[in-house]
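Taken together, the values in this text are just the output of simple stated rules run on the coordinates, not laboratory data. A quick note: this is a predicted structure, and the numbers were derived from the prediction, not measured. With ideal geometry, Cβ positions are generated from the backbone for all residues, glycine too; neighbour counts draw on all protein chains shown.
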Amino acid sequence: MIQVTKPFMPPLDEYISYVKDIWSRQWLTNNGPLVNHLELRLKEYLNVKHMVFVNNGTIALQMAIKALGLEGEVITTPFSFVATTSTLVWEGCRPVFVDVDPTTLNIDPDKIEQAITSKTTGILATHVYGNPCDIDKIQAIAEKHHLKVIYDAAHCFGTLYKGQSVFNYGDISTLSLHATKVFHTIEGGAIFSSSAELLRKIAYIRNFGFSNVDEISELGINGKNSEFHAAMGLANLPYIDEINQYRKELYTYYDEKLSSLAISKIKINSDSSFNFAYYPIIFDSEEGLLKSLNELNLNRIYPRRYFYPSLATLPYLDTYETPITNDIAKRVMCLPLYHGLSFEEVDFVCRILLRVQNN
Ligand SMILES: *Cc1c(COP(=O)(O)O)cnc(C)c1O
């Protein structure tokens, strides 16, 4: 069986050696030493000034929305994971969908301005598949209209934009460190901002709003993560360069093998250094996708329709006209791509795709 992804597992003894330390300290959570250590190591590795480690990428988005005081309408993308939209609704904001650029599947900046009203307070955009949005255009619009910008950068571990971490852009960027992502802490997430003051506020929000043992200065939530999760991150981190290198090789191998397949691929932002987080392919029709998916499943290969369905079709929202997303979400899927995947397995996947096409 070949799944769309499998989590990287570090050598067990390396994880256990962290666990032994946790046992002897009896400090399991609440900003423990491994959480602090992981935050330091990740800031170094990603070359960012400020970040806090939280318990998942969804809470990271909620805390970002809260910390920036977003309310009223927030412009966002219908082509993302459901958490990008559900967190806005959960925080009492009204998501206003702006359709995507059909070549990148990121929010189309040229359609943002016409969606801005007197109630708009921010923009929440996703760097889809780890490929950065048109950050400069979005920033210019935000400045002109005094809007805050949050990037759902859940897919972006290691992505660079104009030579620096993509997490340095926008008022806040959020990351998911879930087991299915490029780098993981089992469950986990992170929040980045270049403002030290904002990050301090977020650190209070993460801990119920406590700014001191007996002083509460913010409306907070429990966004803390545990020593065990930090240990997984610390055990995984030494392998991340090797993981990224191998993903890139698999990605290039797919490119070669599928060069004669009648599909289209996303356009990677030329200002970025891509992290090869996903291998999405876009079929000409939903029928073509379903035919290939069915044949792959018969061979116990399970790619994922990602993202599907369009968030503009969520049952708890008003209806929106986002024809590009509604169309492409039906025709796109992500092929298996993970560290333990072999070249032979990629061959197998590609042979089936080509066979379906040529039948
Ligand atoms: C994974 C993901 C999330 C949610 O992250 P969790 O850590 O699973 O809560 C949010 N947005 C996007 C785009 C994601 O892919």
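One table, with the values for the structure above:
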item	result
Which of 110, 214 has the fewest Cβ neighbours within 10 Å, and the rest in rising order	214, 110
The chain: most fluctuating residue of 132, 309, 78 per GNM, C-alpha cutoff 10 Å	309
25 °C / 0.890 mPa s Stokes-Einstein diffusion coefficient of the chain, Kirkwood radius on C-alpha pairs, µm²/s	116 µm²/s
Mean Cα-pair separation over length for the chain, i.e. relative contact order, pairs under 8 Å, 6 or more apart, %	23 percent
Computed label-point distance, nm, for sites residue 240 and residue 217 using a 7 Å Cα→Cβ extension	2.9 nm
Charged-residue dipole, Cβ positions (Lys, Arg, Asp, Glu), the chain about Cα centre, Debye nearest 20	340 debye
Relative exposure of 9, 232, judged by other C-beta atoms within 10 Å (fewest first)	9, 232
Computed log₁₀ I(q)/I(0) - Debye formula, equal Cα scatterers, no solvent, the stretch 125-211, q 0.26 Å⁻¹	-1.29
Greater than 29 Å apart at Cα, pairs in 201/267; 224/248; 49/111; 6/137; 248/330; 43/162	201/267; 224/248; 49/111; 6/137
Stretch gain in nm, segment residue 3-residue 16, where the contour uses 0.36 nm per residue and the Cα spacing is subtracted	2.0 nm
Loop sites in the stretch 286-359: GluC sites (Glu not before Pro), DSSP, at most 10 other Cβ within 10 Å	321
259, 211 arranged by Cβ crowding within 10 Å, fewest neighbours leading	259, 211
Residue with peak Gaussian network fluctuation, the chain [Cα springs, cutoff 10 Å], from 160, 314, 335	314
GNM flexibility winner over the chain from 251, 151, 338 (Cα, springs under 10 Å)	251
Additional length obtainable on full extension of the chain from residue 196 to residue 358, 0.36 nm per residue less Cα span	52.7 nm
Spin-label zone in the stretch 200-217 - amide nitrogen under 20 Å from a point set 7 Å from the Cα of residue 28 along the C-beta vector	207-208
Gain on full stretching of the segment that runs from residue 113 to residue 140 - 0.36 nm per residue minus C-alpha separation	8.6 nm
Estimated distance in nm for a label pair at residue 348 and residue 89, the labels positioned 7 Å out from Cα along Cα-to-Cβ	3.9 nm
